1. Cross-link partners among aspartates and glutamates for LYS40, C-alpha distance below 18 Å, same-chain residues fewer than 8 apart left out?
2. Treat segment 1-157 as a sphere of radius equal to its Kirkwood radius over Cα pairs and apply Stokes-Einstein at 20 °C in a medium of 1.002 mPa s; give the translational diffusion coefficient in µm²/s, rounded to a whole number.
3. Taking every DSSP beta bridge that has both residues in the chain, what percent is antiparallel when rounded to the nearest 5?
4. Using the structure shown, list the pairs from LYS111/LYS132; LYS98/LYS139; LYS104/LYS132; LYS17/LYS37 with a Cα-Cα distance above 19 Å, or answer none.
5. With +1 assigned to the C-beta of every Lys and Arg and -1 to the C-beta of every Asp and Glu, and no other charges, what is the dipole magnitude of segment 14-138 about the Cα centre in debye, to the nearest 20?
6. So for each of 117-126, 34-43, 58-67 I average, over its residues, the number of other beta carbons within 10 Å; can you give me the resulting order with the highest mean first?
7. How much area per residue is accessible in the chain when the probe is 1.4 Å and only protein heavy atoms are counted (Å²)?
8. Just going by the charge dipole of segment 18-117, with Lys and Arg at +1 and Asp and Glu at -1 on Cβ, which of LEU80, PHE48, ALA95 is farthest out on the positive end?
Amino acid sequence: MTTLNNLKRPNNSWHRKKRVGRGQGSGLGKTAGRGGKGQKARSGNMRFEGFEGGQSPLQRRLPKFGFISPNRVIYAVVNLTDLNGFDAGTTVDEAALKGKGLVKGRYDGVKVLGRGDLAKKLTVRVHKLSGKAREAIEKAGGAVEVLPLVAHKPESASKAHSGKGVKAPKQPTA
């Protein structure tokens with residue numbers, strides 16, 4: 001029976017590495033398996049992906065489309081119906097939403113939208129709200145606090161730029 005400790009490959013199941021350009025006796029001497037002349041015999045012979053023999057390649061014939069802004073802001077969306085899962089009088093913020101599993105993944109801020117009804121008095125602390133959501137929260141007796149959207153922590157910026165552009169004081173020459 002074959003087990004992992006006594007596995008071996010079958011005989012003649014491997015080939016010697018080709019050593020091109022090592023003389024006529026090697027079987028790949030002189031032209032090194034590239035044939036006589038022509039484009040494929042030359043060095044730098046345009047064998048890159050998408051090359052179509054000089055014809056304009058497909059990726060250049062098709063039109064360009066789409067744009068993704070490098071400065072885009074992605075919000076994690078929560079609806080009013082989701083907020084009904086919290087007890088009355090609690091503060092709903094990003095940490096509370098994460099704890100309930102309503103907010104997951106990568107995002108820059110949290111936004112509350114007005115789908116559904118809110119029947120409880122809550123204090124909502126988020127980065128953005130729709131007008132309908134704000135109305136519904138205040139109508140239920142709750143409070144809304146809009147947090148500023150911070151793209152990165154201030155200390156990370158100071159660490160990233162520390163010492164850059166600052167010249168060291170000159171040492172006195174003796």
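The values are calculated or read from the model by the stated rules, or taken from the named source; none is laboratory data. Being a predicted model, the structure only gives us computed values, none of them experimental. Virtual Cβ from ideal backbone geometry, glycine too; neighbours counted across all protein chains shown. Surface areas here come from the heavy atoms of the whole protein model, side chains and all, with no ligands, DNA or RNA. Shrake-Rupley method; radii C 1.70, N 1.55, O 1.52, S 1.80 Å.
1. Once the sequence-local aspartates and glutamates are set aside, what remains near LYS40 is GLU49, GLU52.
2. In µm²/s, the coefficient rounds to 93.
3. Close to 5 percent.
4. As for pairs spanning more than 19 Å Cα to Cα, those are LYS98/LYS139; LYS104/LYS132; LYS17/LYS37.
5. Charge dipole, segment 14-138, about its Cα centre: 1700 debye, nearest 20.
6. Ranking the peptides 117-126, 34-43, 58-67 by packing returns 117-126, 34-43, 58-67.
7. In whole numbers, the chain has 84 Å² accessible per residue.
8. PHE48
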